[in-house]
Amino acid sequence: MNKLIATLIAGLLATAANAQTTATPAASKEVVKAEAKAEKEIAKAEAKEVKTAAKADEKVSKAVSKANEQRAEAHADAVQAHAKAAEKVAKADPEDRAKAIAKAEEKVADANLKADKKMIKADEKLLKTQVDAAADKATAAAKTEQARAEATADVHKAAAKH
């Protein structure tokens, strides 16, 4: 968020500096109008970029909390399976104990695999969301730069007419 604010401030300063250097005392009304329009377009693009970045950050935040929830749930399921397996081993008759231990180890291994798969899926979804958010931010930044360039070009065209 700090980078975003810094970018907006830098854009505003660049726009102000550009307006000061391109505006001359003999500037025509058309150039002044073009500069005003350019500033509006740039501000609009920057606001849109901020909004897009905020939405992307919110999506990532939700995805992180959901992934953490899913990891915790998977871990709890595995712990529960371990407890049930240990309970069955404890209840087994001494002569059936070896067989019960083998079954318990198998169930524990299955529970661990299931939990690992759930965690991997949660991480996969989280990473996809993070990549999508980064792409959205980059696209918004590129659109802002395009708007800035077009606005500057319009100002230069207006100045070249006179």
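Each value in this text was obtained by applying a stated rule to the coordinates, not by laboratory testing. Keep in mind that this is a model prediction, so the values were computed, not measured. Cβ atoms come from the backbone with ideal geometry, glycine included; neighbour counts cover every protein chain shown.
Summary table
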| item | result |
| --- | --- |
| Cα coordinate range in the stretch 98-162, projected on the principal axes (Å, largest first) | 96, 7, 6 |
| Extended-chain gain in nm, criterion 0.36 nm per residue less alpha-carbon gap, V64 and A98 | 8.0 nm |
| Kirkwood Rh and Cα Rg combined as Rg/Rh, the stretch 48-162 | 1.49 |
| Label-point gap, in nm, between K44 and L113 - each point 7 angstrom along Cα→Cβ | 5.9 |
| Only Lys, Arg (+1) and Asp, Glu (-1) charged, at Cβ; the stretch 55-157 dipole about Cα centre in debye | 140 |
| Where labels lie 7 Å past Cα in the beta-carbon direction, separation of A153 and D57 in nm | 3.2 |
| Taking E39, E145 and counting other C-beta atoms within 10 Å, the order from fewest to most | E145, E39 |
| Neighbour-count ranking [beta-carbon atoms within 10 angstrom, fewest first] of E41, E124 | E124, E41 |
| A160-K33 pseudo-label distance in nm [points 7 Å out on the Cα-to-Cβ vector] | 1.9 |
